[in-house]
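The values are calculated or read from the model by the stated rules, or taken from the named source; none is laboratory data. Since the model is a prediction, treat every value here as computed from it, not as a measurement. Cβ placement follows ideal geometry from the backbone for every residue including glycine, while neighbour counts extend to all protein chains displayed.
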Amino acid sequence: MPKIKNLLFDLGGVLLNIDYNKTADAFKKLGVKQFDKLYSQSGANPLFEELETGKISEDNFYKTIQQYCQPSTTKHQIETAWNAILLNFRIKSLEHLDKLKDKYNVYLLSNTNSIHLKAFDKIFEEETGQPSLDDYFIKAYYSHKIHQRKPYPSTYQFVLLDAGIRAEETLFIDDSIINIEGAKQAGLEVHHLLSGQKIEDIIE
């Protein structure tokens, strides 16, 4: 196996603690009884996929979700429920990233959206006092900005081409097995980060 020169990290469940259940529970309280069928770690309704690829606006997202909610539900309530998934950053993992930058080219690839980006940027600044998570990486690739998302192999191929790096020299770390499978199809080396594992435990 060629020597690993590049590290490509997922965000949620790897560097940022998240809880899908908190958002699911919050939406169920707003009247969205079938939220689990609409959105999960392993798949997404076309509405969420369009939000994560930047194909619909925040306003259109809110208006569409509102149709599933109780009639009196406000945009602010939907935003709060949607952001409930975001918990806190893994500070020790972020500190480890700083050390890894001395040995590897470090990148980020995250399925996210403009609403979550604003929310976790705020959490990041509050917890670290630093202006931007992106400073940890040579480049951060967010699905809604590159208009494509994991687990499609073409998404990883886009990142490899844009970064000018080779798949066989790149290790991809993600907590979602479906994203790991997509990365494998694109030729990357992979590590499926299991519950309880931290990046500082697996990469020296």
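Within the stretch 37-62, the set of residues being of a type in the set (Ser, Thr, Tyr) and exposed (fewer than 14 other Cβ atoms within 10 Å of the Cβ) comprises Ser40, Ser42, Ser57. Annotation note: Cβ proximity below 8 Å between a residue of the stretch 107-123 that is within 24 Å of Asp162 (Cα to Cα) and a residue that is basic (Lys, Arg) and modelled with pLDDT of 95 or more (sequence gap 6+ or interchain) occurs for Tyr107/Lys139; Leu108/Lys139; Leu109/Lys150; Asn111/Arg149; Asn111/Lys150.
Could you please find all residues in the stretch 61-77 being touching a residue at least 24 places away in the same chain (Cβ under 8 Å) and more than 12 Å from Leu51 (Cβ to Cβ)?
Keep residues of the stretch 61-77 that are touching a residue at least 24 places away in the same chain (Cβ under 8 Å), which gives 61, 65, 68-70, 73, 77.
Within the stretch 61-77, Tyr68, Cys69, Gln70, Thr73, Gln77 qualify.
Selection of the stretch 16-36 for residues being within 30 Å of Glu200 (Cα to Cα) and either of a type outside the set (A, V, I, L, M) or surrounded by fewer than 16 Cβ atoms within 10 Å (Cβ to Cβ) (or both) yields Asn17, Asp19, Tyr20, Asn21, Lys22, Thr23.
The condition (being under 28 Å from Tyr156 (Cα atoms) and not assigned by TED's automatic domain parsing to the domain that holds Ile177) is satisfied by just one residue among Gly12, Gly31, Gly54: Gly54. Residues in the stretch 192-203 that are modelled with pLDDT of 95 or more, under 15 Å from Leu97 (Cβ atoms) and not acidic (Asp, Glu): Leu193, Lys198, Ile199.
Of all the listed residues (Ser195, Ser114, Ser143, Ser176), the sole one being farther than 28 Å from Ile78 by Cβ and of a type in the set (S, T, N, Q) is Ser195. The helices (runs of 4 or more DSSP H) found wholly in the stretch 22-134 and carrying at least 2 residues that are over 24 Å from Ile177 (Cβ atoms) occupy 58-66, 75-83, 91-100, 114-128. Out of all the residues in the stretch 169-201, which are in contact (Cβ under 8 Å) with a residue 40 or more places away in the chain, exposed (fewer than 15 other Cβ atoms within 10 Å of the Cβ) and over 18 Å from Asn111 (Cα atoms)? Listed by number, the list holds a single entry, Lys198.
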